[in-house]
Each structure stands twice: as structure tokens, then as C-alpha cells.
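Only one structure is covered here, and it is reproduced in the block below.
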Amino acid sequence: MLIQPIDIFVYVWLVVSVLSAAYVAWDQFRGNPEPVVMKWGFVLVTLYMGPIGLLLYVMADKEPMPGGHEEFIKPLWKQGVGSTVHCVAGDATGIIVAAVAVAVIGLPMWLDLIVEYAAGFLFGLLIFQALFMRKTMGGTYQDNVLRSFLPELISMNCMMAGMAPVMVLLMMGRDMRAMWPGEPLFWMAMSLGVVAGFAMAYPVNVWLVARGLKHGLMTERADEAAPSKGKSKTHKMSGMDHAGMSMRGGSGMHSDVTRPQLVTITLFTLLMLAAGMTLPAAFVNLRLSAHDVRGAIMPPGMIMTQETPAAAMLDMAAVDPRDVTATYGLDRQGAQWLAPHIEDGVKVFDLVTSVIRWQILPTVSVDAYAFNGQVPGPTLRFRQGDRVRINVTNRLRDTTTVHWHGLVLPNVMDGPANVTQKPIERGQVYHYEFTAVQSGSFLYHSHDHVDRQQSLGLYGALIIDPADAADEIVADHEYTIQLQEWLIREGLTYPAMPMDGGQPNFFTINGRAFPSTDMIKMKVGETLKVRFIGSNNGFIHPMHIHGGPFVVVARDGETLAPSARFKADTINVGPGQRYDVIWTALKPGKWMIHCHIGHHTTNNNTEQNGGGGLMMHIEVAGDPTK
Ligand SMILES: [Cu+2]
């Protein structure tokens, strides 16, 4: 599934890598005249580096014409390629195997780097150098381990110095799917890490070959003179002739390198290694593991430092589109009235949480956390004195709870996670039951990771009618407004919050941004009761109605005494607050209800049909010029 724009490149790169490696394997084993270990070396390196591996193979190693391999591979730069390929094939295999194991086990990144270095070095030294090269080098396995130790160390240090920072910064950057081997992005990060490691290890490998400390490319042909005697082969180490090396007779290589040269270059590569391993710690939190971050994709602009905890990342991470269980278009309304069923005189409501794709504009959808597949969640309406039970089933990956904002009820029914109740796990149900003793406009919302969950849509209106209908302040029309902010980038939905990287770019009234918001139709002289509900989580909205003042008749579910009611044309709807206002249509025409923060009446900073976001119209019939 394509989740980020980069995914297209990732899939192309991985496919090209596999095809390139397949071609190199086919061409090598079809008859490129070199030792089997080098054939495998090029196949593996091409698998890891994709088209770059293919390029190196064709330009430096593939026999250009029959019998031409010996001459072709002589230049030192090609010998350096051969030596680096050989090193990288072994080291990178060890590193990648270790990286997969460490991610699956869930070890922190700093330990990951150490395990990768050890695995890469040991795999390169004990298997790719000492074991696979034994025939070529002659001598015992132990001899080869000792002989290869220093060149392998020098080369591996450079390799890791390049690979570690590239790998870590890619894995722990914005898109931490790259930390998990089950994601293609992980393999892309590995691939680019190997490319960087190769580039870093190449110069020192050229030097090692030139000084006779490592093998470069070799030619090995099946002995045509003795076809019946099985595996008899002749080695022509044509590439080894320069720099005073002699490979014949298993006597090993002769090198003119001096001890001070070896010591200083070893120390220098150790310094490079130390830099490569520690540099990422300045930018990312190396104490985190793949298990901690769970493939989180962070919003652009989020400030992440070396001490950013995984919980902060999970809080701000994008909703994983793969968790979406249903997709709804503009025809589906949020905040629908939910009819209860009655059990022994108790009004029973069922709420179910899930991740849905919800359309807020004709061309814009969000991945939302929703109650009953709606944003806002269904409106629960009952009467003062009613006994109600709300069964909340959680189908989110996260735990959740529900809080009945503003209600007087038993503490265990209040909802705060880990305070009055254990969070509801995925698949579990919690039964909230209480008697409504108040009346007015209230709301319900998630009280577990509220910062994230309410910002993603887990809220709804709670309207409690007074026991005595005569206490209701009535109007000709009634409309409830629930506000919300959204952050959408590159098709992913992040919880909007007043935090770097979390600032919203879309705003909705009842789950729709203008011009897809509702229109209220009225006649001159009629009244409209608007219930403003502060379902907005991190932002305050000064809500304003054109065409004359409204009268504030209730605040936070409390009806104001007639003497305390007041006229206003703008009211700050802060998170959690509710205002019931009565507006009278004085003149015909289109009268706007909107937030007075200009940015909140745009859609991703653009205006459509005169605005966007927190904006809607009241259409009062008649001649607008009157
Ligand atoms: Cu606003």
C-alpha cells in the first residue's frame, strides 16, 4: 500500500535491485571467469545496492570479450572495486541479518549499532574472508583469520562509518516504518546505508589492494586441459601483479606497507567508526527500539531531538491508513441522533470506536478515530432523570475510555483512563451507567490519550432535555455546532495540536469544512438556537454570527437566569465550553456563522467560495437588498 510519496521510489528501487541482482547472478554463473566467492560477492552487493551494484559489475568486472577478463580488471580502481565488493558483501550481510534480528527482538538502536558492527565484522572476517578465500589465499583457516584481521578491520570501520549514520537517520527520521523489517522502507534504508558504506570503504580498499594487503579482482577459469578431472582450475591472479604482490602457491600476499602506516590508518578508521556510530545520537533518540516507535510516521516540522520519547512520537504520529475499516463520502452525516433501546427502563446506547476514512470536502478526506463510523460521534439525547447505560466497545489499536463532560455521576463512570478506570483494550467493552441529574448541552469524548484521540475525532454531543419541557428555552430552529481542527499532509492525517509540526490546516463544523458545511434555512422573524460545543481540543474559536447579535442563554449546560443573559455577536468557544445562543433573523439574505480567526476559515490556507473551514451560512428567505 502506498502510504507516503516516497513509497513509489522505494518499490521501484527494490524491484530494480532484485532484477539487477538476478541479472548479475545469471551473468556471473553463466561464465564470468572469476572465483565463486567474487561471483557471490557481486550478486549480494547488487542485491543490496541495486543499480549501483549492477553498474560496478558491468564497468569493472564483467568480462568484456572472451579471454579479456585478465586485462580488463587490471586498473587499480577496478581492483579497489573488487576489494570493496568483497568486503561489503560479507560485512553488509552480517549487518543486515543483525539489523533484522535486533528489530524483531526489540533492542534499542544504540545496541543495534554495536550488534551490527560485531556481526558485520565477524561475518566478513570469519566467513567471507577467512573461509571463502581460503582456497585462493592458501594456508589454514586460522592463518587466514589472522592475515585478514587487520585489512578486514580497517575496511569494516570505514564501511560502518558510512552505513551507520545513513541507516540510523533514515530509519529514525520522520517515517519510522523504516525501523521495521516487515516494511519495504526498512530495506530501502538498508540499501542506501550499504551504498554509503561502500563509498566510505572504497578509498581505503584501493589503498589496501595497492599495498598488497587485500585481494582485488581475480580471474579464475576452468582448466580446459583437464576437463575430465573434475574441479581442477587454474587461477590467474592477473590483477594481483601490480604493487609487488605474489599470490601463487598459497604463500599469501607480500606487502610493502610499513608498521606506522598500518597503525595510523587503523587508528584513523577507528576514529571514523566512532564518528559514524555516535553522530546519529546528536539527532535522534538511540534508546528507542523498533517496538517502541511502531512504524510511526511523524508530521513534517515536528521537533524531534535525542531525548524525544517514543510516547511523544506515537502521540503525534499519523493515523496508519492500513487501520481504516470503513470509508464514507459526503453523503454520510456525522452527529446523527442515536436511538437508544430500552432494557428494564434503562436507555441503552451502543458506541463503537474504529478508524474510518471521512470526507470533509469533495476532494479531502481524513483518517479519523470515530464513534459508530461518524465524525462527530452520534449525538446522544435523553431526558433529565433518565437512567442511561452506554456500552463502549473499542475497536482501535489504542486503548480508550469515554468521559461524560460536565455530568454529575458516580466517579467510576467518569472515564479518565488510569484514574477512575482501566483503559478499554482493543476488543473490550466498558459499560457506563448513570442517571442524568442535569439538563443542557454537554459533550462526551475520549479520556485516554486525549491529546491524540479527541483531536482525531473521538467526541460527540450530549443533549439532555429538561425534565419539565417548560424549562426548555425554545426557538423555531435548532442547530448544534461541534468544532474540530485537522492536520493533513501528503494524504496522511495527524492529530492537530498546538505543538511544532502539529498545527492544523483544516477545520470542520460537524465533520465538514466550508463549503461542504450545512446551510440553515430560516424566515425573517424566526429564531435559531445554536448550541456551540467546544469539542475542539487544542484551539479556541471566537464564533461569530453575522446579521445582528445573539442572546447567550446558557453556558456549560447551565441555563442563565433571565437577568444574566446577554447579547453578543462573538463568543469564544474554548475546549470543553458550551454556549447556547438564540439568534433572530432580522433581515433576508445569507448570514454567516464563522470563527473569527482568519486562518480557521481556510482550507489548507486557501479560500473556496469565499472561505473554508469553520464557516457556514444561514439563508433567510427574502430579498437580500431589503
Ligand atoms: Cu477558530
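The values are calculated or read from the model by the stated rules, or taken from the named source; none is laboratory data. Because the structure is a prediction, the values reported are computed rather than measured. Heads up, the Cβs are rebuilt from the backbone with ideal geometry, glycines too, and the neighbour counts pull from every protein chain shown. What goes into the accessible areas is simple: the full protein's heavy atoms, side chains included, and nothing from ligands, DNA or RNA. Shrake-Rupley method; radii C 1.70, N 1.55, O 1.52, S 1.80 Å.
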Report task. State whether one or more residues within segment 313-320 are touching a strand residue (DSSP E or B) at 6+ places or on another chain (Cβ under 8 Å) and of a type in the set (Gly, Ala, Ser). Result -> yes
Query raised in the report: Of (1) over 17 Å from Ala196 (Cα atoms); (2) without any contact (Cβ under 8 Å) to a residue 24 or more places away in the chain, Val18 satisfies all except one. Which?
Result: (2)
Query - Residues being under 19 Å from Gly576 (Cβ atoms) and open to solvent by 50 Å² or more (accessible area, probe 1.4 Å) - total across segment 377-410 - result: 1
Query raised in the report: Considering only residues of segment 578-598 that are within 40 Å of the chain's Cα centre (by Cα) and surrounded by fewer than 18 Cβ atoms within 10 Å (Cβ to Cβ), which is farthest from the ligand (Cβ to nearest atom)?
Result: Met592
Query - Residue in segment 88-95 that is closer than 22 Å to Asn157 by Cβ and of a type in the set (Asp, Glu) present - result: yes
Query raised in the report: Does any residue of segment 80-94 turn out to be more than 23 Å from Trp13 (Cα to Cα), in contact with a helix residue (DSSP H, G or I) (Cβ under 7 Å, 6 or more places away or on another chain) and not in a helix (DSSP H, G or I)?
Result: no
Query raised in the report: How many residues does segment 603-626 hold that are within 16 Å of the ligand (Cβ to nearest atom) and in contact (Cβ under 8 Å) with a residue 12 or more places away in the chain?
Result: 9
Report summary line: Exactly one of Leu19, Leu2, Leu47 is within 20 Å of Met163 (Cα to Cα) and open to solvent by 40 Å² or more (accessible area, probe 1.4 Å), and that residue is Leu47
Report summary line: For segment 436-471 the number of residues that are without any contact (Cβ under 8 Å) to a residue 60 or more places away in the chain, surrounded by fewer than 24 Cβ atoms within 10 Å (Cβ to Cβ) and in contact with a strand residue (DSSP E or B) (Cβ under 7 Å, 6 or more places away or on another chain) is 1
Query raised in the report: Just checking, how many residues over segment 509-565 are within 23 Å of Ile463 (Cβ to Cβ), among the β-branched types (Val, Ile, Thr) and either within 16 Å of the ligand (Cβ to nearest atom) or open to solvent by 50 Å² or more (accessible area, probe 1.4 Å) (or both)?
Result: 7
